[in-house]
Amino acid sequence: MTGVAVLEAQHLHLGFGGVRAVDDVSLSLAAGEFLAIIGQNGAGKSTFLNICTGYLRPDSGEVRVGGRSILGLKPRAIAKIGIARAFQHPQLFLQRSVLDHLRFAVSAGRAGFWRPFHPLASAALADEVVGLLGLCDLELVAELPAGAIPEGSRKLLDVAMALALAPRIMLLDEPTSGVSSAEKLGLMTRLVGALRARGVSAIFVEHDMEVVARFADRVAVWVEGRLLRVGSPQEVLADPDVKARVL
Amino acid sequence: MFWQVVSATIDGVTSGATLFLVAVGLSLIFGVLKVLNAAHGSFYAIGAFTAAWAWGVIGAIGLPTYCIYPCLFVSALVVGVLLGPPLERLLLRWTFDIEPATRRENLQLLATFAAFLMLEDAQKLVFGTSPYYSGGALGLLGATRIGGLLHTNYQLLLVPLAGVVLLALRIFLRRSRIGRWMIAVAADAEMASAMGIRVGPVRVLSFTLGAVLAALGGALASPTVGVSIGIGADMMVLSFAVVAIAGLGQIEGAVLAAVIIGIAHSLAVFFLPVLSTVAPFLIMLLVLLVRPIGLFGPVRQRSI
Amino acid sequence: MQAGRAASLAALLACCAVLPVILPRDTFQFTIVLSAGFAGFAVALLLEAGLLSFGHALFYGIGGYTVAALSPLVSHFAVVLILAGAIAGAVTAVLTGLFVVRYRGVFFAMLNLAMAMVAYSILLKSYNLTGGSDGLVVDVSGIVGAQLSPQAFGRWLFYFSLGSALLLGAVMRRYLRSPAGWALGAIEDREIRVEYLGISANRVLLQAYTLSGFLAGLGGAISATAVGHVAPDAVYWTTSTEFVVIAVLGGRGVLGPFLGAALYELLSISAAQYLSNSWQILLGAVILLVIRFARGGLSGLVNTCEAMLWPDRMRERGLPRGHIR
């Protein structure tokens, strides 16, 4: 493990009506690291992200960011600390255009947000918005309402909105699901490149092992709420136990 | 003084009984259909009008006066069954697929509100604008003296009657097949549909049952109040206050809330008339300030 | 704003401006339509975020009572009085908003109703302060200082209201195009996403709620000034529901509620003549038809016509084609 931990989860427990969604999970994310989380559906990966972003409270355990506990903080406060999240099921404003989504997301962190006569489509933010459109391959669908674009683009819009917050830590929930396999690698290369260039640390939940092998610094294997193994992609993906239970 | 308080309390509990019936109907409709039925007060009013009208007819035909008692129940049943299904079909069936949820809820609120407006005028056209009095039905069963003050046995009987209805409802919901379907749809309509439960008919049934309960509240209350235009609107607000305090969808909690509201109203009428119309609103505001989901409201988690 | 729209708006304004000249006896009616339009717009503003208030008569009534309370002091400065009424509405909105914006859906609707009804009770029972059920007389006879004849006053009040509608319309249009205003629709659509962007939905809503209170207070102030009287029924739930109907009939945007108010007034006048016992049946039926088949209200119908006649215009406005509520 290199560097200081920017995000640290310790002994997290969360149960839903008899099911242990998160069972004594301890995980830490180093600065600038890309940590992949793999595991079968329903194993608790999204729940873990929900806890880290304040949407759910764990029954016990601790989550620290830069040494400070973030438990009990609401999603809004956590977004302000610099943790951004993209969702497994994209959470979008279906009636509004892609362009407006990005303009809104970019305005969100700025002081001008609360000025009542400051237009959303102001020129000052245009560069950033265009940059995000290009990065996430959304130029062609920019004018369309979010409800009318393909699933893959919707996921990318979700990611782009998270990026717009200029976070220090990104939590990505299956960022490339819905994107065609031909485009996946290109997209991930661009995304990861942009994140590394900005020094962002990231956790991403992923099902595509090729993506995991190429872009992850470390891999955490999730089975039924517990961590089976954490290690480098080479070690983990070669592990027979992991292969049997996950792959 | 003490006995006056007791008397006011008893009045509150007995009026709470009919309020409970209406509120439980509203809660049921909300629980299963997730709709706040803004026309619910109209069911109460129409039930009351029908019962009061029946009293007049009984007198006119020359039937024995105790016939009014079964008539009360029949009125409620007829009103609920005649109005429930068509209203559900006209007002709500087209809304269930609308997203996002906030827009759907607002549309449902507006639709049921539109129905309320139409039913108010319909009541005027059918029953006329003068009040109906069926107070004669009140005295038939005699009265009891409690602490020096007289209470009609009719009113006192409303309380155990409400209890019986509550019990019957509980048994129905927990033991019967349809009742369990209602609970399933209330918990998760999508899941229930996936399990093979036919959600549409369950909704119609629940709406109708809610309407019958409200109409029953109105019919039973009709001898105790002057039945006139506007009681529907008053009851709508009161029953919402009960449901809000208890927590939406809570059946048993509605008993406690109805009693609280009933007693508060009664005591206010007696000691602080200035507050009497406003008391239910104040209590609702206070409760929601402290506990936004109501006293017994469920704590639900949404998953993303 | 594009040339086409600006031209249509100018034409509409010109028509409105000559109304007191063509139909002098109805000037009062037109002013009332404008005041109802403001109140309807106040409701429509919150409806952008999915919040339906059944209690906006609270701010409307407070606007009116403020004018009534202050009119003995400044009876020749309607501008000041009306502004005071609007501010009173805004202040009330901030105070109640702090509590109410935490709620959504039916609770929001009903809590607003409850607060308005509590105010109704207070206004009704405080005879010494508010005249009880008799209400208060509003005696205003000048707009900006000079005393005017009743006719002239009525005319100038109308022009003042029209001017305010224009000014505030432009202001609110900018507000709706700003991030905080855009956020209203986002909150209705996916509130959790807004929170995840670090924005407090409640704060956005409080801002909108305050503006809404200002507008409704303005409407009530204008109405009280025009009528010359204010009574507790200004805050009764039937008044609130009128505004809801106007908002639904009118639809989105800034012009919508004013169109809705005009339509509502037209319907209620015709109904008073022909359908006095079934006015509410008509109203209910209209509401059902609108929410079922013309959910965008009048402004939605205008948009549809525009989209059919000039399909390219919709894209220029930054709206995806066919964007109608």
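Bear in mind that the values in this text are calculations on the coordinates, not laboratory data. Computed from a predicted structure; not experimentally measured. Neighbour counts run over all protein chains shown; Cβ positions are idealised from the backbone, glycine included.
Could you give me D for region B:1-116, from Stokes-Einstein at 25 °C and 0.890 mPa s, where the hydrodynamic radius is the Kirkwood radius over C-alpha pairs? Units µm² s⁻¹, please. My calculation gives 148 µm²/s for D. Applied to region B:233-241, the Karplus parametrisation 6.51 cos²θ - 1.76 cosθ + 1.60 on θ = phi - 60° returns per-residue 3J(HN,Hα) values of 5, 4, 5, 4, 5, 4, 5, 5, 4 Hz, with x for Gly and Pro. Modelled this way, with points 7 Å down the Cα-to-C-beta line, the labels at C:Ile192 and A:Gln234 are 4.0 nm from one another.
Distant-in-sequence amide contacts of A:Thr176, defined by a placed amide H-H separation under 5 Å and a gap of 5 or more residues or a different chain, comprise nothing.
Residue-wise HN-Hα couplings along region B:98-103, as the Karplus relation 6.51 cos²θ - 1.76 cosθ + 1.60 with θ = phi - 60° gives them from phi, are 7, 10, x, 4, 4, 5 Hz; Gly and Pro carry x.
Antiparallel as a % of all DSSP beta bridges within the protein assembly as shown, to the nearest 5?
Numbers: 29 of 47 bridges.
Looking only at bridges with both residues in the protein assembly as shown, the antiparallel portion is about 60 percent.
Mind giving me the FRET efficiency for C:Leu95 and B:Arg93? R0 is 41 Å, r the Cβ-Cβ distance, nearest 0.05 is fine.
Details: r = 41 Å, r/R0 = 0.99.
With R0 = 41 Å, the Cβ-Cβ based efficiency is 0.50.
For A:Lys74, a cut-off of 24 angstrom between C-alpha atoms picks up these lysines, skipping any fewer than 8 places away in its own chain: A:Lys45, A:Lys155.
Across peptide C:100-111, the average count of Cβ atoms from other chains found within 10 Å of a residue's Cβ is 6.
Let me know the Kirkwood hydrodynamic radius for region A:192-246, please, with Cα pairs as the basis and the value in Å to one decimal.
Details: mean 1/r = 0.0829 Å⁻¹.
Result for region A:192-246, one decimal place: 12.1 Å.
Under the definition of partner shielding as Cβ atoms of other protein chains within 10 Å of a residue Cβ, what is the mean value for peptide C:48-59? List each step's numbers first, then the result.
On the way: counts 0, 1, 7, 2, 7, 0, 3, 0, 0, 0, 0, 0.
For peptide C:48-59, the averaged partner shielding equals 2.
Just the number, please: Stokes-Einstein D of region C:90-244 in µm²/s, Kirkwood Rh from C-alpha pairs, 25 °C, 0.890 mPa s. Please list the in-between numbers first.
Working: Rh = 17.8 Å.
In µm²/s, the coefficient rounds to 138.
Could you work out, residue by residue across A:136-143, how many beta carbons of other chains sit within 10 Å of that residue's beta carbon, and then give the average as an integer?
Working: counts 0, 0, 0, 0, 0, 0, 0, 5.
Averaged over the peptide's residues, the number is 1.
Once the gyration tensor of the Cα atoms in region C:1-78 is diagonalised, the equivalent ellipsoid follows with semi-axes of 27, 23, 11 Å, ordered largest first.
Over region A:126-247, the pair-distance histogram of Cα-Cα distances with 10 Å bins from zero comes to 12, 42, 31, 13, 3 percent, rounded to whole numbers.
Out of all Cα-Cα pairs in chain C, roughly what percent, to the nearest whole number, are more than 27 Å apart? Could you put the intermediate results ahead of the total?
Details: 22869 of 52650 pairs.
Value for chain C (Cα pairs over 27 Å): 43 percent.
Taking amide H as placed 1.01 Å from N in the peptide plane, A:Ala36 has its amide H under 5 Å from the amide H of A:Phe204, A:Asp217, A:Arg218, A:Val219, A:Ala220, each at least 5 places away in sequence or on another chain. Over the C-alpha trace of chain A, radius of gyration and Dmax come out as 18.0, 61 angstrom.
Ordered by the count of other Cβ atoms within 10 Å of each Cβ, fewest first, C:Met308, C:Met117, C:Met172 give C:Met308, C:Met172, C:Met117. The C-alpha atoms of region C:191-294 occupy a region whose extents along the principal axes are 55, 38, 23 Å, arranged from largest to smallest. In summary, the convex hull built on the alpha carbon positions of the protein assembly as shown has an orientation-averaged projected area of 41.4 nm². Per residue, the Cα convex hull of region B:2-290 amounts to 136 Å³. Taking every C-alpha pair closer than 8 Å and separated by at least 6 residues, the mean separation divided by the residue count of chain A gives a relative contact order of 26 percent. Ranked for footprinting exposure by Cβ neighbours inside 10 Å, fewest first, C:Tyr103, C:Tyr159 give C:Tyr159, C:Tyr103.
For region B:84-141 and region C:75-113, compute the distance between their C-alpha centroids and round to whole Å. After rounding, the separation between the Cα centres reads 29 Å.
In plain terms, the residue of A:Glu174, C:Glu188 with the fewest other Cβ atoms within 10 Å comes first and the most crowded comes last, giving A:Glu174, C:Glu188. In this structure, the amide hydrogen of A:Leu7, modeled 1.01 Å from its nitrogen in the peptide plane, lies closer than 5 angstrom to those of A:Leu29, A:Gly66, counting only residues at least 5 positions away or on a different chain.
Highest mean packing first, where packing is the average number of other Cβ atoms within 10 Å per residue, the peptides C:40-51, B:38-49 line up as B:38-49, C:40-51.
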